[in-house]
Amino acid sequence: MNSPYYTDPLIREEIDKVLHHNVKMFQNLGVSSTKSERNAVKVQERKNLRAVRDLDPEFIGSLLDHSD
């Protein structure tokens, strides 16, 4: 893979921080979370991914394609 995510440790670290933050947002949802709260987390997840898309457009693009 020639993706910067796989070849550049600094880029991987920055993207991994965002991915970790996104996971924590979903972990904080509970069984009593409303549909609105779940949707808000999904929207924020996409915003977070778009914020680092410039680091590796192909890798982040594939994540955004699969987050729908």
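Derivation of every value follows stated rules applied to the coordinates shown; laboratory data play no part. These numbers come from a predicted model, not from an experiment. When we count neighbours, we look across all protein chains shown, and the Cβ atoms used for this are built from the backbone with ideal geometry, even at glycine.
Results, tabulated for the structure shown:
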{"quantity": "Qualifying residues in the stretch 1-39 (those that are in a helix (DSSP H, G or I) and aliphatic (A, V, I, L, M)) - the one surrounded by the most Cβ atoms within 10 Å (Cβ to Cβ)", "calculated": "ILE15"}
{"quantity": "Any hit, the stretch 41-60, residues being assigned to a loop (DSSP other than H, G, I, E, B), in contact (Cβ under 8 Å) with a residue 40 or more places away in the chain and of a type in the set (Asp, Glu)", "calculated": "yes"}
